[in-house]
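Structure, as structure tokens:
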Amino acid sequence: MKVTVLGGGSEIGASCLHIQFDRTSILIDAGMRMRGDDVLPMFGMLENLDKPDAILVTHAHADHIGALPVVHAMYPDAPVFLTPPTADLMQIMMKDSYKILMEQSRLNETLMPYSEEQMEALLQELRMFPANGVLHIGDIQITAHRAGHIIGAVMFSLEADGESILVTGDLSFSGGRTIPGAKVANDLKPDVMIMESTYGNRLHTDRNTEEKRLAEHVAETIQNGGFALIPAFALGRGQEVLLVLQDYMDKGLIPEFPIYVDGLVTPVSRIYRNYPHYLKGPVSHRVRTSGDAFLTEGRCIAVKAEDRKSIVNGKPACIVASSGMLTGGASAWYAKHLVEDKKNAIYLTGYQDEESPGKKLLALAEGTEDTLDIDGTTYQVNCSVDKFGLSAHADANEMMRFVETMEPTYTLLVHGDEEARHSLVNKIHPRFHPMLSENGETYPFTKRKDGKGVVGKRYKRNSEQERLRNYIGSVLLYQKENGKPFKFGLCQNVHPKMGTLHCETPKGKMDKIGAGQIAETLGPWSESIDKFADAANEVLTFSRPYLEKINWDLLPDYTVSLQEIFDRLQINEVHKQFAVALALQGIPGEHRHVDMEGRIGYKLTNEVRFQLSNLALPIQAIKMNANHAMDYIRTYFTGDSRFYRCGVQEMGMETEHILLSFVFPDSISEAEQKQMSKDIKKQTGWDIAFSHSIRHEAFQPLLASLLDKPADMPSVHLQNKMVITNENKPDNGQAIAEQFQKTTGFTLQFADDSVSRDTQTDSVDLFSAKPGIAPMENNQAIAVAKQYGKAYGVHIYKTSMKTLDGQPLMEVHFISPQVASQYTDMLQKLSDEIGMAVQYAKQPKQNEILRLTKETIPDAWEMKGNPSIHMASGHVSVKVRNEPETAEISEICEQITAQTGYRLEVEVR
């Protein structure tokens, strides 16, 4: 037996399988790709394969039937077998597809894949599958089994000469509201199973929740005066949506509103009505008693193209129209007319191809797009967009359980994108030999010599591998390396041979871990992946809020498991469970025990319980992530103009804190500091410290604002907390000085204030000229000062002229006052020569000190960030990655001190 994949193997679209037994060959499905130039399966390969004796059709979706006219024209003698509903649906779907293909060929200037005559010839030759569900073709017995995907959808099991194969087509085990789910024949046990994998990488959300969301969203949109457009696959999804909305109206859960049904949804719904015995009991009963369950009089109104303008110009309503991906048809027309109005909404309920407008709508809902292209025109999307999980395909867990129930020797995965197929193949147990199919490949299976089944490698169960597989579906707490942070992961699958677990992280990425890296198992996870990510992220960001009120004294002295801890502490909320599991990793190692089977237990003594109660253990995230903490602090100080910035100041892990900087720190009272410390500690877990650094440059704009006119940079004197301006005192000078004091914590002194010489010069050395020397003209005196700087080899950055007791005063600016104090002899000589008093500026040139420090630090030290300057203590600090030699540090310190007058402090991080 061999299987050749002509299409739909490594993709969704163009499904087509050639299955060859010893003497008989069967072709199953011949679909079409929805996009691209190459729409057909690889029919050219059929020349090298046995002529098919029959063609089987699983169901009537275009990706499974679209190319049947072509293959029927190639083999007109090969009968085409399908179920009666599928045959009726094909009469509609094929003709509609032909119209769409004609239009696409015209626009793209390409050839049609088949003619209208070929299509009609196919439709006239369709043969019904026998009512008993069993068909014999050559030496093959073919049995049809309900697939649950849409009405009439079937799986085919083929048996001949002791070999068997099951082709699932598209599967749904719930079936939805319209039809029953797939029928699982437990006694099949095929040698080979060919299974779809559309949703192999995800789990479906709760169907009832999604239906409720859809009904309520539609009702709310209409109540707010808008139209709710639901682009729906005409076959299957459209009927589901109509039943959901009507059921919610019947039960009084949402208000009554009209539903307009457009496109192929209408004729398909009428075919569903003709097969009540294929429908679920309640729907079948409504059809038999009322004549219809979908297009009900006065509520679900079938409309035509000529009605569309009057609908969108009329009263708010719901519109259910094909196609489901907005690739054409009625839904695309309505979308063009509705997307630009914010009152309207588009609600997607099914799979969206990567290139479809529907996929772009989903991107828009996520904020990554803001326009939509339909039929070559770009539209600005202002309406609401949302997606609802009403899938008619099995999800990953259902497919995995189905494989385990069927117990095939080989499992061949088709009909899925790369991510879905790779995810599912890793989930399926190795004993079922899961394989990823590829288009154009042939997969041979050799019959056993005894004539029973096909040759397959015998799988020997491995207890360790089985233990690892038990982790699938559970939340794990793990640590990749000692000393590294713990992480939460949702175990998705296992690589048995490698002994690795594949865990989905809260960020949606896959992490591979070994069993030895598991710190704790929190148990199976049955809720949404979003809720897992939310709980994990919040706890790993800041665990303290979930641990503060836990009564650890309720735990016994003997060893207990994590689940027993949850039970005794009555912890059911997932955030607290995550936090408790994380906290237990901080207890001393001798209190944590692992038995022979890998089960973990905790023996919590009185001392350990006391430490847990007081959060006195090294618990991860007991302090908020530093970046999150600083975000909170910035929010805390929103609107407080005094706040400048915050940053982490690390003095070793035990003493790290967040340093708060204010424009004028002296304006923050002690009481305010205590309250800030208390609030921030409670909300972030961080201790804080207050910087004493002042933003000198902020004095000038504050002064100008208070004076209500431009003002020069005043002189700042830190020792006596005084600011001296060369502005004369205005009439409201006292009020200005008081406001200045309140804002900055500094006393403001005007130029004409009467104060003593010692106070005004801030105890900075004042160099007075010898008596009897007349003062030089200002510009001449400044030129002499520059000459003195050159003569003494020191850079004078600036000289400025002031007055003191009505006499001229020159202020000389060095890189720092520390450097200036080394040139007192020069300053005295300068004073004697220019005939006026001289003093040096108290403020350092911060930017220059930082520049020289950066230039002097060797690259090999790998400095982190920029240096920090500390004026109060007269030093500059740097953080480096590599610890330098002591001699080298001394040398660099000497260089920086010589250049700047500041000491250097080096911290290795």
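Only the coordinates and a few stated rules stand behind these numbers; no lab work does. In this text the structure is predicted, and so the values were computed from the model without any measurement. Neighbour counts run over all protein chains shown; Cβ positions are idealised from the backbone, glycine included.
A few comments on the model shown:
- Kirkwood Rh and Cα Rg combined as Rg/Rh, the range 1-65: 0.97
- Total charge dipole magnitude, the range 473-613, about the Cα centre, Cβ charges on Lys, Arg, Asp, Glu only, Debye to nearest 20: 420
- Its Cα gyration tensor gives the range 846-908 an equivalent ellipsoid; the semi-axes, largest first and in whole Å, are 17, 13, 10.
- Annotation: lysines with alpha-carbon distance below 28 angstrom to LYS729 (same-chain offsets under eight excluded): LYS709, LYS721, LYS742, LYS798, LYS802, LYS842.
- Summed residue charge, Cβ within 15 Å of THR442's Cβ, Lys/Arg positive, Asp/Glu negative: -3
- Longest to shortest principal axis, alpha-carbon extents of the range 207-387, angstrom: 47, 34, 30
- For the pair ASP292 and ASN470, the difference between a 0.36 nm per residue extended length and the Cα-Cα distance amounts to 59.3 nm.
- Packing around the peptides 438-449, 510-521, 538-549, taken as the average count of other Cβ atoms within 10 Å per residue, puts them in this order, highest first: 538-549, 510-521, 438-449.
- Seen from a random direction on average, the alpha-carbon convex hull of the range 683-742 projects onto 6.0 square nanometres.
- When only alpha carbons are used to place a centre, the range 256-322 and the range 137-202 end up 30 Å from one another.
- Over the range 780-881, the Kirkwood radius and the radius of gyration, each from Cα atoms, give a ratio Rg/Rh of 1.09.
- Positive dipole terminus of the range 225-282, leading residue within ILE271, VAL241, GLY226 (C-beta point charges): ILE271
- The sum of -39500 (n - 2.57) across all DSSP H runs of n ≥ 4, divided by the residue count of the chain, sets its helix-only mean residue ellipticity at 222 nm to -9500 deg cm²/dmol.
- C-alpha center-to-center spacing [the range 30-66, the range 205-223] in angstrom: 37
- The mean sequence distance of close C-alpha pairs (under 8 Å, at least 6 residues apart), as a share of the length of the range 846-908, puts its relative contact order at 34 percent.
- For the range 207-387: relative contact order, % (alpha-carbon pairs under 8 angstrom, 6 or more apart): 28
- D (Stokes-Einstein, µm²/s), Kirkwood Cα radius, the chain, 1.306 mPa s at 10 °C: 46
- Taking every DSSP beta bridge that has both ends in the chain, the antiparallel portion is near 60%.
- Legend: distances between Cα atoms for LYS427/LYS512; LYS387/LYS427; LYS576/LYS678; LYS95/LYS280; LYS507/LYS682; LYS480/LYS864; pairs beyond 18 Å are LYS387/LYS427; LYS576/LYS678; LYS95/LYS280; LYS507/LYS682; LYS480/LYS864.
- Antiparallel bridges, percent of DSSP beta bridges restricted to the range 626-690 (to nearest 5): 65
- Put simply, the C-alpha atoms of the range 45-176 give a gyration tensor, and the ellipsoid matching it has half-axes of 27, 19, 13 Å, longest first.
- Between the residues LEU569, HIS657, PRO710, the greatest Cα displacement towards the positive end of the dipole of the chain, with unit charges on the Cβ of Lys, Arg, Asp and Glu, is found for LEU569.
- Antiparallel bridge percentage (DSSP; both residues within the range 1-157; nearest 5): 70
- Principal axes of the range 173-220: Cα extent on each, largest first, Å: 52, 24, 12
- On Cα atoms only, tilt of 846-856 relative to the major axis of the chain in degrees: 70
- Rounded to 10°, Cα long-axis angle of helix 778-792 versus longest principal axis of the chain: 80
- Taking only the Cα atoms of the range 626-690, the ratio Rg/Rh comes out at 0.93, with Rh defined as the Kirkwood radius.
- Given charges at beta-carbon only (K, R positive; D, E negative), |dipole| of the chain in Debye: 1340
- Pairs of C-alpha atoms in the range 473-613 farther apart than 25 Å represent 25 percent of all such pairs.
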